[in-house]
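Derivation of every value follows stated rules applied to the coordinates shown; laboratory data play no part. The model shown is predicted, which means the values in this text are computed figures rather than measured ones. Every residue, glycine as well, gets a Cβ built from its backbone with ideal geometry; the counts of neighbours run over all protein chains shown.
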């Protein structure tokens, strides 16, 4: 269990271990040809992103110069200047491509980027805002557990598996809560939405989540079963704590 004094956000050791496990699982499941095909698509998308967004930035130039020094450290000072520069940019593009693959960017979207039919390398399908949830509940259905989060306008239903921790939802949220408790400022809700009429219900098959920094709260992006972020939930440590309590209670009750 995380405590408010611990920094257990996305850069914590547990997340690093999970990342390494994901990398190993990904590599073990791929053939050499499949790896090249996926990497080639992601690499082309990364090149387009760099040409469109980064090429003229001073920060990008400094990064390439730093990578050139790294290449020189590894290969020796006698390497041709043009080759050294090309290797540095290749390393940078590979890093972006590898990150894209690990973030489970779809091949269809990567192809759309290469064809010039998409503007961003990781555009979500749709994002709805749940501004500081006021109601959290666990539903035990025939096929497993659903986590319901509502702010009075929008109800988000996340399928988390047959047990509360089957898909890592509880681990993710504990990490997010630990980070939120340590790195965000407390603030009061601007508006009481508890009496509002719900306008929308969203159900997603949980496939992970990601924490995004904000000023006095954090945003949690929930991913669907295709790895796309479909819901952005605005929450403070207290809201995340309530969600964790619900999932932990389900865990203690033995799931269903």
Point to revise | Stretch gain in nm, segment residue 252-residue 200, where the contour uses 0.36 nm per residue and the Cα spacing is subtracted | key: 15.6 nm
Point to revise | Compactness index (Cα Rg / 2.2 N^0.38 Å), the stretch 136-243 | key: 1.04
**Study point:** DSSP-defined antiparallel bridges as percent of all bridges, the stretch 128-252, nearest 5
**Key:** 70 percent
Review point. Taking R0 as 22 Å, what's the FRET efficiency between residue 23 and residue 94 from their Cβ-Cβ distance, rounded to 0.05?
Key: 0.95
Practice item. For residue 33 and residue 72, calculate 0.36 nm times their separation in residues minus their Cα-Cα distance, and state this gained length in nm to one decimal. Key: 11.0 nm
**Study point:** Linear extension gain, residue 44 paired with residue 210, 0.36 nm per residue minus alpha-carbon span
**Key:** 57.2 nm
Point to revise | Amide N proximity, the stretch 141-174 versus residue 225 label position 7 Å along Cα-to-Cβ, cut-off under 20 Å | key: 141-149, 156-170
